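The values are calculated or read from the model by the stated rules, or taken from the named source; none is laboratory data. Just so it is clear, the structure is predicted and the values come from calculations on it, not from any experiment. No Cβ is skipped: glycine too gets one built from the backbone with ideal geometry, and neighbour counts run over all protein chains shown.
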Amino acid sequence: MKHPRISLSAKDECWRKKRRVIRYYNRLARIYNLLYGQEQKLKIIESLKAINLNENDMVLDAGCGTGLLFSHINGLVKTIIGIDTSPGILKAAMKLVKNMGGKSTITLLRADADFLPFKEGIFDKVFAITLLQNMPNPALTLSEIARVTKANSEIIVTGLKKFFLKEDFLRVLSEAGMNPSIIDAGDGVKCYIAICNNGPSSLSKDINIGMHSQLMVKANANAW
């Protein structure tokens, strides 16, 4: 299924929003963990309770931020790839990885979650934690994530409660062809957490990924 055409003005607005997000996280990078580290930790812990990681898994962290997920799964999986659009936030993630040690192979890329620089069906697990509120078209973003995920593998998606009503969050997942199960994480977690099965019907095969080269700058974290 192809995505609907987007008018030039709508595309311009999409890129304006993305540039605002990049500037915001560049400014926030140095204090992000201080402000949101505990909140993010709760989301990650609850998400990991609901899935099984395999030592041979290749994991994508879409919108990896400062790399908080890495410390929770380092050594539990074979490969972790984190992508984000903010150079400042990626620099913070690189520092974390450097100090963490190399149990898993961890690579960081500057890339846009709407135009992932990967082949179809290569990831065993994908995390999209606190990502959707930053994307102009969350359903399109999830469809692109589904494209690079192996069939019948798990995609872990969160939606901020202050940004999404529960029914709107579920609608976005449905529009992307996801088959979600919502975790009851309690009132202390400020988001909805969905464990989605990337079934064969996912709407993900006709994404044009040619634009990813505009944003993708590879930075192997082991080299920093």
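Observations
- Any hit, segment 165-174, residues being among the aromatic types (Phe, Trp, Tyr) and under 26 Å from ASP12 (Cβ atoms): no
- Residue match in segment 131-145 (condition: modelled with pLDDT of 95 or more, assigned to a helix (DSSP H, G or I) and farther than 21 Å from GLY65 by Cβ): yes
- Near pairs, Cβ below 6 angstrom, 6+ apart or cross-chain, from segment 29-41 (within 12 Å of ALA93 (Cβ to Cβ)) to any residue that is of a type in the set (A, V, I, L, M): ALA29/ILE89; ALA29/ALA92
- Sole residue being within 22 Å of TYR192 (Cα to Cα), of a type in the set (Ser, Thr, Tyr) and either modelled with pLDDT of 95 or more or surrounded by fewer than 16 Cβ atoms within 10 Å (Cβ to Cβ) (or both), chosen from SER174, SER86: SER174
- Scanning segment 162-185 for residues that are within 23 Å of GLU39 (Cα to Cα) and not in a helix (DSSP H, G or I) yields LYS162, PHE163, PHE164, LEU165, PRO180, SER181, ILE182, ILE183, ASP184, ALA185.
- Residues in segment 112-162 that are more than 23 Å from LEU90 (Cβ to Cβ), of a type in the set (S, T, N, Q) and surrounded by 23 or more Cβ atoms within 10 Å (Cβ to Cβ): SER143 alone.
- The set of residues in segment 96-111 that are surrounded by fewer than 21 Cβ atoms within 10 Å (Cβ to Cβ) and in contact (Cβ under 8 Å) with a residue 40 or more places away in the chain comprises LYS98, GLY102, THR105, THR107, ARG110.
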